[in-house]
1. Could you pull the Cα extents of the range 99-204 along its three principal axes, largest to smallest, in whole Å?
2. Quick one: which residues, 5+ away or cross-chain, put their amide H under 5 Å from the amide H of ILE496? H built at 1.01 Å from N.
3. With a 10 Å Cβ neighbour count serving as the proxy for reagent exposure, in which order, fewest first, do HIS149, HIS541 appear?
4. Return the inverse of the average 1/r over all pairs of distinct C-alpha atoms in the range 418-562, which is the Kirkwood hydrodynamic radius, in Å to one decimal.
5. Projecting each Cα onto the charge dipole of the range 103-227 (Lys/Arg +1, Asp/Glu -1 at the beta carbon, about the Cα centre), which of SER200, VAL179, TRP145 comes out farthest on the positive side?
6. Extension gain ARG512-ASP221, at 0.36 nm per residue separation less the Cα-Cα distance, in nm?
7. I want the local charge near ARG495. Using Cβ-Cβ distances under 14 Å, sum +1 for each Lys or Arg and -1 for each Asp or Glu among the other residues.
8. If you count the DSSP beta bridges with both ends in the range 418-562, what percent of them are antiparallel, to the nearest 5?
Amino acid sequence: MVHALFDPALLVAALLLEPQGVIAVFVFAVIVSCTPLFGPPPAPLSGWLDSVSLAVFALNSGILALVARALERLSHVRGELDVLGRANAEQLSHFIEQAPAAMAMFDRDMRYLAASARWRDDFHLTRDIVGKSHYDVFPEIGDAWKADHAAALAGETVRSDRDYFERADGERLWLRWEVRPWLRPGDGVGGVLMFCEDISERVAIRQALEDNERRLKAILDSAMEAIVTIDAQGKMISANPAACEMFGYALPELMGQNVDLLMPGPVHGEHSRYLSAYARNRETRVVGRRRVIEGRRKDGSSFPLELTVSEAKDNGGAIFVGFMRDLSPIEEEKRRVNALRDELVHVGRINDMGEVVASLAHEVGQPIAAILNFSAAHRRTGAGAAGEVDIVARIEAQARRAGEILKRLRGFIEKRPEMRKKEDLAELILEALDLSPLRSRAHIAFAPDHGFDVVVDRIQIEQVMVNLLQNADEALRAADDPEIRITLARPDAERISVSVADNGPGVEPEAREKLFSAFYSTKRFGMGVGLSISRSIVEAHGGEIRYRANAPHGAVFEFTLPAPGAQP
């Protein structure tokens, strides 16, 4: 068969030539096989079979040629891909190496594929970490971070803006980090990319700022003066507790409000005008000066305060800090000092009066002594009628009593010790009534009960009763049906009380707190010493004296004394 001669040529053509070359060889073989160059022409059937066989072989050879060519091209493409892959890997490694951030690339087993120079520098690592396990390089990594890495390998992106990391060598770092998966085409997650930033310095600065803010807040909160901060429009942006207490507002009630809220009506809006003038031409009538102005509390009351304003700067521009001191206690102290000065002058007059009384007691004592002597001589002679003798006896008793009072008065002035003994309180009150002529002609309602004994200085307690009776008599001068009611009672086993009630006009509410103050009097020409002295006497005996309103009108003065045997 002639085509067998061409089979090697066709095979070689299929392997070495392009498909067009294989076709040319096939045509040439057909022409040659049909030409009687090598003998008689073949039989038609034989020639046709040879041609078909040759065609089939040629077709197979063509297919073989195509396969061979495809394999050749595939090998070429693979080579090019390998070169491109190596180039991309080099480029990726170069990119990671030169990245300005600390970043590293890991495979699924958390082995290093690449790491930036910043990563190595921040964590003091060398280049030989590639291929090593991340957990071998950082054995101090805890389970929490390993769980985050596992989540990233599962496809999540995990991040933290502030995380504490302590190295095995004792280095302490604050880190901001993010871990995200990287994908391999057609093969899912190939590993993770880790980005990390050392924010230790930033955290230290922030911590220092927070510490400073806490210290500043502690200083402002503990400051005795009120401190209020306002912006350039006069709106309050901060206030310390002393300011809230001074003006009676809660902090939320002040924030955002204009500072005029803290000023009374006459100067309302004054600071806004000052701030506007200061913003225009730096004209200041407030900043850097100490002034005394009026403040207004939440309840509407006004009070004097001292104000000093300082200017400061912040990111929003100028702010103004006001330091305020409540002058009310100082003004009250000034008033008190002035009152004390007036009282001191009055005390000086009382002292002078004491010297006069001491001299008077000495001078009056002589005629009283003479009266006593003459009365005693008259009584001894037995002259005169029985009524006259009785009158002389009464004169003698009263003169003796006057002498005793002068003696006690001199003893009080000379600071002599008191003379206390058991007395019948009812008898003592009856004697006080005898010594108190009442110009109001008031009806005296008193039922003497002689079961109340007290240990007192008789003259001093009589002095208290006389003072209370005279005050009641004074209050009843204009009463239509004046009455004074005296009551003895025992509130408990330790005390005995005496009350003197009248049905006069009573005491005004604003005067009740000052009734027992020295030199305060509700009378037009009163000296204001009677009730003050009475309180001193009662308290010196271990008792108390108080006032209460009488029903339906009038006043009740009540004092208590310790019962015999009670603790004073």
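1. The Cα atoms of the range 99-204 stretch 45, 28, 27 Å along their principal axes.
2. LEU561, ALA563
3. With the fewest neighbours first, HIS149, HIS541 line up as HIS149, HIS541.
4. Result for the range 418-562, one decimal place: 15.4 Å.
5. VAL179
6. Gain on stretching ARG512 to ASP221: 100.8 nm.
7. Result for the neighbourhood of ARG495: -4.
8. Counting DSSP beta bridges with both partners in the range 418-562, the antiparallel share is about 85 percent.
Rule-based calculations on the coordinates, nothing more; no lab input. All of these numbers come straight from a predicted model, not from anything done at the bench. Neighbour counts are summed over all protein chains in view; Cβ atoms, including those assigned to glycine, are modelled from backbone coordinates with ideal geometry.
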